[in-house]
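Since the structure comes first, as structure tokens, the remarks are kept for the end.
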Number of protein chains: 2
Amino acid sequence: MRAKTLKPLDAAWLYVDTADTPMQVGCLAIFSLPPDAPDSFLRELFAHLRSVERFAPPFNLKLAAPRLKAVMPAWVEAPRIDLDYHLRHSALPAPGGERELGVLISRLHSHPMDFNRPLWEVHVIEGLENDRFALYMKMHHSLVDGVGGMRMLQRMLSPDPAEENLPPPWAVGSGARRERTSGPRGFDAQLRKLAETARQQAQIAPAVARALGRVVRESVRRTDYQEALPFDGPRSVLNAKVSAQRRFATQHYDLERVRKIAAAAEVTVNDIFLGICATALRRYLLEINALPDRSLTAGVPVSVRPADDQNAGNAISFIIANLNTTVADPLERLRAIHHSTAMAKEHLQALPKAGIDSYTMIFMAPFILQLLAGLGGRLRPMFNVTISNVPGPKNSLYFNGARMEQIYPVSLLSHGQALNITSVSYDGQFNIGFTGCRDALPSMQRLAVYTGEALDELEQVLGLVPAKAGGRKKTGTRKAA
Amino acid sequence: MRAKTLKPLDAAWLYVDTADTPMQVGCLAIFSLPPDAPDSFLRELFAHLRSVERFAPPFNLKLAAPRLKAVMPAWVEAPRIDLDYHLRHSALPAPGGERELGVLISRLHSHPMDFNRPLWEVHVIEGLENDRFALYMKMHHSLVDGVGGMRMLQRMLSPDPAEENLPPPWAVGSGARRERTSGPRGFDAQLRKLAETARQQAQIAPAVARALGRVVRESVRRTDYQEALPFDGPRSVLNAKVSAQRRFATQHYDLERVRKIAAAAEVTVNDIFLGICATALRRYLLEINALPDRSLTAGVPVSVRPADDQNAGNAISFIIANLNTTVADPLERLRAIHHSTAMAKEHLQALPKAGIDSYTMIFMAPFILQLLAGLGGRLRPMFNVTISNVPGPKNSLYFNGARMEQIYPVSLLSHGQALNITSVSYDGQFNIGFTGCRDALPSMQRLAVYTGEALDELEQVLGLVPAKAGGRKKTGTRKAA
């Protein structure tokens with residue numbers, strides 16, 4: 001049993017894992033019971049899952065030295081895995097609505113993981129109203145990123161409702177190839193050096209981070225106000241030091257409806273997503289009297305994983321979008337956001353493949369440095385909020401005949417980043433998960449509600465539906481904690 | 001808002017609190033719904049609890065410096081308490097039996113607490129079969145001991161089923177007096193000194209602990225083999241270093257039945273309790289081929305809290321009982337245990353009040369030192385297992401008309417002490433909670449089952465029931481995880 005040292009980008013998630021910022025990512029899937037399901041359906045499903053005691057990588061890996069996770073990050077195969085610990089059966093209290101589910105997911109996602117065991121949990125949740133149940137899978141980010149986690153969960157699903165007893169994620173693992181693409185070798189080496197410097201010389205790190213920020217700002221010559229630069233967003237309540245507890249809320253929309261709005265406004269679906277988030281943030285922050293007088297910026301991950309790569313590793317680049325939260329008019333705001341993202345993408349796509357990696361490093365290094373040095377929440381934020389749009393499965397998927405209705409990402413936070421909004425598309429739906437710091441965002445569920453109202457508003461101002469007299473129409477389905 | 005430094009004995013629980021040994025104590029109470037309860041009973045009860053946002057000490061206290069809890073233990077009043085964090089509504093999956101409840105309590109008791117908040121949680125648990133529900137309260141041991149916690153829970157109960165809307169524990173707190181009796185001043189000062197020495201000079205601590213153990217052994221001249229001395233028990237699987245996860249199992253018996261057996265054997269009820277635990281431990285350890293060839297010893301807390309003291313603080317002494325696990329005959333074993341406990345109690349009761357304190361200090365100091373120095377599980381154990389018998393309420397108590405059926409303590413473990421068995425009497429019942437280390441005791445629920453079978457066996461050998469041909473009768477109600 002040879003210990004395998006983690007790649008620096010994966011190990012970074014162990015460096016920055018603290019009681020207040022557990023680096024765990026989750027995935028919530030909601031299923032309908034098959035129409036003819038017997039009362040014992042869920043019990044039998046659970047018993048089937050429980051019976052599979054084969055563990056594929058990374059589900060069979062544990063830290064070689066849990067207490068030294070930050071300085072000696074290496075995996076070993078766990079000699080014995082206590083499946084009853086990792087696979088859990090839970091239930092919602094009555095009435096078992098989206099609210100109760102949101103509360104439970106908030107709690108489960110807040111509990112730290114046991115670093116002496118393989119870093120994953122799968123929860124089967126019963127008691128969801130309207131003959132539904134849920135599955136929540138949690139993993140450490142050093143093992144898998146959010147997108148990879150969702151892919152692992154999807155491997156236990158089938159497009160065929162008649163297919164039964166598909167092996168659970170832990171029996172399949174991350175697929176054939178274990179090697180993970182975490183950037184070119186030069187990036188890894190440089191990052192490791194940066195990380196070591198930051199840890200050993202925490203007192204000089206602020207200066208290093210500031211200097212790097214300057215380098216980035218200077219290397220990217222700004223030609224337009226809409227070109228949002230790192231460390232250029234305002235300070236805001238979204239960029240406080242975070243505490244250990246999370247809130248989780250969701251919304252889902254018909255993707256076709258979002259597409260129609262995008263077409264009418266001549267912007268992308270992602271711009272609509274950024275636009276309704278910007279509207280919701282502007283309203284929420286105005287209500288708590290905390291809207292900065294400069295526009296918020298959003299870090300928007302862009303996957304650079306080739307389409308043919310089934311690997312679950314981390315391989316992302318970033319653009320930074322100007323959310324134009326100082327603009328009052330929703331359509332004007334949307335168009336300005338579109339201008340901002342179009343410019344950023346143009347910038348990124350003009351670079352050759354190797355150039356993208358360098359760009360990512362230059363962009364991300366100061367951010368990771370901030371985290372490593374524990375400075376998040378104290379320096380100016382690199383951007384104000386992470387807003388991520390992930391493509392998901394296009395067609396209906398089934399888990400032993402039970403149709404998956406929605407799938408949501410449950411994200412991680414770090415100091416200085418108290419809110420993460422990630423959407424995933426699935427079978428004609430646009431599903432949004434809001435993960436926030438419990439203390440920094442006291443009524444976070446309102447953000448979820450406001451995105452729905454923002455979508456209604458866009459439909460109205462674009463003339464897609466008749467404007468309503470007397471207030472906004474509620475839309476979408478909300479669950480919140 | 002002035003910070004209040006903790007007394008050394010209370011602060012000790014913060015010193016020894018680690019990820020693997022969270023120093024949290026719990027209390028599980030099971031209730032029957034009133035016969036005419038509407039469907040909304042539990043929802044309304046929860047809403048009533050949720051509506052009470054008054055917080056009495058110690059429920060309003062949080063650590064002044066959570067990250068320095070071990071070196072600067074002081075309480076401050078929390079300026080704002082997020083009740084939705086502390087009061088939680090949960091549910092059991094079907095069939096909602098004792099097994100599912102045991103699994104949930106095991107999990108809840110394993111989750112670490114958030115040291116940035118007041119150190120308590122109250123969980124209302126629905127979905128327990130046969131029209132029952134449960135309440136689980138968890139607190140940090142630095143705020144309250146297990147007995148004090150149960151008393152706090154009892155304050156929200158009434159002997160009158162018609163009484164409603166009694167204030168929840170957090171609104172009542174520990175009662176009129178906040179001062180806690182944690183031994184005479186000299187003990188506190190001496191313990192603080194010991195603690196500081198142990199922390200600063202961990203390398204010499206083993207010698208100190210061994211020396212203190214010798215002092216104790218020499219100061220208590222052994223005159224009888226049955227006089228169990230500290231650090232004299234064998235090494236066993238019960239005395240390993242513990243990991244972070246817990247198991248919890250329960251049993252309950254008719255107290256009158258236990259009394260009859262005790263009378264027939266001419267021993268005390270507590271001796272019967274020790275006897276059936278000894279029998280169960282002997283059988284369990286024989287099965288896993290781990291029974292030491294010398295008898296296990298039990299640390300048995302003895303409360304020295306005066307009967308008129310309603311205070312919830314820690315004030316306990318200890319006796320050590322020889323469990324005679326090398327003796328094969330159950331009645332012979334019981335009588336030897338009786339001999340051992342009678343002698344230890346005689347020894348303790350011959351001391352004046354001040355002498356009891358000194359005795360407790362001499363007895364406990366090396367044990368606490370071991371914990372403080374992180375040596376638990378590496379040195380010879382002071383005793384093999386903690387077995388505690390706590391007097392509880394004598395008559396039926398009600399929670400808004402719902403009768404409390406059972407009440408169980410959920411205990412803490414420390415390195416070197418992987419099992420705690422604590423019973424509490426209530427309204428003619430003898431309720432036993434088994435708290436064990438998940439990894440050290442893989443099938444701990446068997447211990448609970450075996451105590452029931454040991455009670456049947458005693459009844460048979462004492463001629464109280466006709467001896468059964470062909471195996472033991474099952475007794476008691478078990479729930480396990």
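Structure summary
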| read-out | value |
| --- | --- |
| Total residues in the range A:40-71, condition open to solvent by less than 40 Å² (accessible area, probe 1.4 Å) and of a type outside the set (Phe, Trp, Tyr) | 15 |
| The range A:129-144 - residue that is open to solvent by 10 Å² or more (accessible area, probe 1.4 Å) and of a type outside the set (S, T, N, Q) and, of those, nearest to residue A:434 (Cα to Cα) | A:141 |
| Some residue of the range A:22-32 being more than 12 Å from chain B (Cβ to nearest Cβ) and either more than 25 Å from residue A:435 (Cα to Cα) or part of a loop (DSSP other than H, G, I, E, B) (or both) | yes |
| Qualifying residue in the range B:299-320 (condition: modelled with pLDDT of 90 or more and either farther than 30 Å from residue B:152 by Cβ or open to solvent by 10 Å² or more (accessible area, probe 1.4 Å) (or both)) | no |
| Residue count for the range B:17-36, restricted to those that are open to solvent by 10 Å² or more (accessible area, probe 1.4 Å), of a type in the set (A, V, I, L, M, F, W, C) and at pLDDT 95 or above | 1 |
| Filter result for residue B:50 (away from chain A (no Cβ under 12 Å) and over 24 Å from the mean Cα position of the chain (by Cα)) | yes |
| Complete set of residues in the range A:112-125 that are open to solvent by less than 30 Å² (accessible area, probe 1.4 Å) and either part of a strand (DSSP E or B) or out of contact with any helix residue (DSSP H, G or I) (no Cβ under 8 Å at 6 or more places or on another chain) (or both) | A:113, A:119, A:120, A:121, A:122, A:123, A:124, A:125 |
| Subset of the range B:74-103 that is within 11 Å of chain A (Cβ to nearest Cβ), without any contact (Cβ under 8 Å) to a residue 40 or more places away in the chain and not charged (D, E, K, R) - its residue that is farthest from residue B:445 (Cα to Cα) | B:85 |
| Residue, farthest from residue B:20 (Cα to Cα), within the range B:439-455, restricted to residues that are open to solvent by less than 10 Å² (accessible area, probe 1.4 Å) and assigned to a loop (DSSP other than H, G, I, E, B) | B:444 |
| Unique match (being within 13 Å of the chain's Cα centre (by Cα), surrounded by 24 or more Cβ atoms within 10 Å (Cβ to Cβ) and of a type in the set (A, V, I, L, M, F, W, C)) among A:430, A:434 | A:434 |
| Close pairs from the range B:382-411: first crowded, with 21+ Cβ neighbours inside 10 Å, partner among the basic types (Lys, Arg), Cβ under 9 Å, at least 6 apart | B:384/B:235; B:397/B:403; B:402/B:132; B:410/B:138; B:410/B:246 |
| Hits in the range B:104-128 (condition: hydrophobic (A, V, I, L, M, F, W, C), within 22 Å of residue B:64 (Cα to Cα) and away from chain A (no Cβ under 11 Å)) | B:119, B:120 |
| Options A:10, A:39, A:84: the member that is modelled with pLDDT under 90 and of a type outside the set (A, V, I, L, M) | A:10 |
| Cβ-Cβ under 8 Å pairs, at least 6 apart or on other chains, the range B:235-257 side within 22 Å of residue B:294 (Cβ to Cβ), far side open to solvent by 10 Å² or more (accessible area, probe 1.4 Å) and among the basic types (Lys, Arg) | B:235/B:380; B:241/B:378 |
| Single match in A:145, A:131 (criterion: more than 12 Å from every other protein chain (Cβ to nearest Cβ) and touching a Ser or Thr at 6+ places or on another chain (Cβ under 7 Å)) | A:131 |
| Residue ID - nearest to the other protein chains (Cβ to nearest Cβ), chosen from residues in the range A:240-257 that are out of contact with any helix residue (DSSP H, G or I) (no Cβ under 9 Å at 6 or more places or on another chain) and under 20 Å from residue A:16 (Cα atoms) | A:243 |
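Let's see how each residue does on (1) in contact with a strand residue (DSSP E or B) (Cβ under 7 Å, 6 or more places away or on another chain); (2) assigned by TED's automatic domain parsing to the domain that holds residue B:435; (3) crowded, with 21+ Cβ neighbours inside 10 Å:
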| site | (1), (2), (3) |
| --- | --- |
| B:237 | no, yes, no |
| B:240 | no, yes, no |
| B:247 | yes, yes, yes |
| B:265 | no, yes, no |
| B:276 | no, yes, yes |
| B:282 | no, yes, yes |
| B:289 | no, yes, no |
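Conditions (1) closer than 18 Å to residue A:137 by Cα; (2) surrounded by fewer than 20 Cβ atoms within 10 Å (Cβ to Cβ); (3) in contact with a strand residue (DSSP E or B) (Cβ under 6 Å, 6 or more places away or on another chain); (4) assigned by TED's automatic domain parsing to the domain that holds residue A:133, marked per residue:
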{"site": "A:38", "(1), (2), (3), (4)": "no, yes, no, yes"}
{"site": "A:74", "(1), (2), (3), (4)": "no, yes, yes, yes"}
{"site": "A:92", "(1), (2), (3), (4)": "yes, no, yes, yes"}
{"site": "A:106", "(1), (2), (3), (4)": "yes, no, yes, yes"}
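For every residue, the table says whether it meets (1) modelled with pLDDT of 50 or more; (2) open to solvent by less than 70 Å² (accessible area, probe 1.4 Å).
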{"site": "A:127", "(1), (2)": "yes, yes"}
{"site": "A:179", "(1), (2)": "no, no"}
{"site": "A:184", "(1), (2)": "no, yes"}
{"site": "A:190", "(1), (2)": "no, no"}
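The values are calculated or read from the model by the stated rules, or taken from the named source; none is laboratory data. Every value quoted in this text rests on a predicted model; they were computed, and no experiment measured them. Reconstructed Cβ throughout: ideal geometry from the backbone, glycine too, with neighbour counts over all protein chains shown. Note: accessible area is taken over every heavy atom of the protein model, side chains too, but ligands, DNA and RNA are not part of it. Shrake-Rupley method; radii C 1.70, N 1.55, O 1.52, S 1.80 Å.
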